[in-house]
Structure formats: structure tokens, C-alpha cells
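Presented below is the structure to which this report refers.
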């Protein structure tokens, strides 16, 4: 009788251990899934960081181009202002000449 009781206790202990091992296995599976998800997220972050760097480089390039165009526009504006002033000086001189001819 004692042998069957011992076998029963051993069987219950093995079942309890098996149940415990099953729970540990499930937790390990969850942990491994979490580690894989973290690795994927990290890869996405690295990719986003690289994309951000490329975007900033492109923006810097465009800013440089805009600065060059702004310089060209400013020099063109100076030329246009000079031409505009000369035009009005010539118009004023012509008007003064016409008035002086008319007055004489």
C-alpha cells in the first residue's frame, strides 16, 4: 500500500513539475517573441534614422541652392534698380530739354 501511495505522490509531483515546466516554456516563448519584436523595432528605428539623415542632407543641399539663387536675384535687382534710375534720369533730362526748347 505504501508503494502505491509513494507512486501516487511521485506521479503528482511529476505532474506538478510538468505543469510548471509547461508554464516556464510558455513564458520563454513569449520572451523570445518579445525579443524578436524588439529587434524588428530597432531595425525600423535604424532605418528611420538613416532616412532622417538623408532628408537633412537633401534639405541642406536645397538650402545651399536657394542661397545661390538669392545672391543671383539680389545682384539682378541691383542691376534693375540702376537701369531704372538711369531711365528716369534720361526721361527727366529729355523733359527738361523739351521744356527748355519750348521756353526759348
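Values quoted throughout were computed directly from the atomic coordinates according to the rules given, and no laboratory measurement underlies them. The shown structure was predicted, so the numbers you read here are calculated from the model rather than taken from an experiment. Every residue, glycine as well, gets a Cβ built from its backbone with ideal geometry; the counts of neighbours run over all protein chains shown.
Fewest-first ordering of 3, 82 by other beta carbons within 10 Å of each residue's beta carbon gives 3, 82. Given their separation in residues at 0.36 nm each and the Cα-Cα distance between them, residue 75 and residue 15 gain 12.6 nm when the chain is fully extended. The distance between label points at residue 99 and residue 4 comes to 13.7 nm (points 7 Å beyond Cα on the Cα→Cβ vector). Note on residue 92/residue 68: beta-carbon distance plugged into 1/(1 + (r/R0)^6) with R0 of 41 Å gives a FRET efficiency of 0.65. Working from Cα positions, state the angle (0 to 90°, nearest 10) between the long axis of helix 2-103 and the longest principal axis of the chain. Once rounded, the angle reads 0 degrees.
Only helices enter the 222 nm calculation for the chain: every DSSP H run of n ≥ 4 contributes -39,500 (n - 2.57), and dividing by all residues gives -38000 deg cm²/dmol, rounded to 500.
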